[in-house]
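One structure below.
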Amino acid sequence: MKKYIPDSYSAHAEGMSTVKANITVDQDKITDLQLEMPGESKDFGQAAMKELRGQILDAQSTEIDGVSGATLTTNAVKAAVDEALEKAMGKAHELNLQLTDGKTHNGIDEEFVEFLMSRSGETFDKMTEQVLQWDHK
């Protein structure tokens, strides 16, 4: 079963300033992470950007040590990446529906609906109805 809906996703969180995370995922992993933090301090926040990016890509999650001396920035980056990953897992309201070829139910890819069901606890028919509503917005 797919872990993520392949695409690029972005989210932001507050550290010393607004931190933006742009992630790209395939079905199984984070393939790229770009961080934007122009308002973070040069000595700590901006200096930590490369290290935080590497830790997240290596761990494939935000379960990382972070960077000593850049706690606010570390926490903001983790929060932004977590939000972007939530979108990639189909939990966000701004889901950008992408159907794949395969078995469908009411025009919706069954594997996609099962993926969403596993994270929402909804029934198959209820989740299909929800996806159809997203597709028409």
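The values are calculated or read from the model by the stated rules, or taken from the named source; none is laboratory data. Owing to the predicted nature of the structure, the values given are computational and were not obtained by experimental measurement. Positions of Cβ are generated from backbone atoms using ideal geometry, with glycine treated the same way; all protein chains shown enter the neighbour counts.
Restricting attention to segment 57-72, the residues that are hydrophobic (A, V, I, L, M, F, W, C), outside any loop (DSSP other than H, G, I, E, B) and over 19 Å from M89 (Cα atoms) total 1.
If the condition is being touching a Lys or Arg at 6+ places or on another chain (Cβ under 6 Å) and either outside the structural domain of S61 (by TED's automatic domain parsing) or more than 16 Å from G54 (Cα to Cα) (or both), then segment 16-33 contributes Q27, D28.
With respect to the stated conditions, L116 is farther than 14 Å from A21 by Cα and either at pLDDT 90 or above or assigned to a helix (DSSP H, G or I) (or both).
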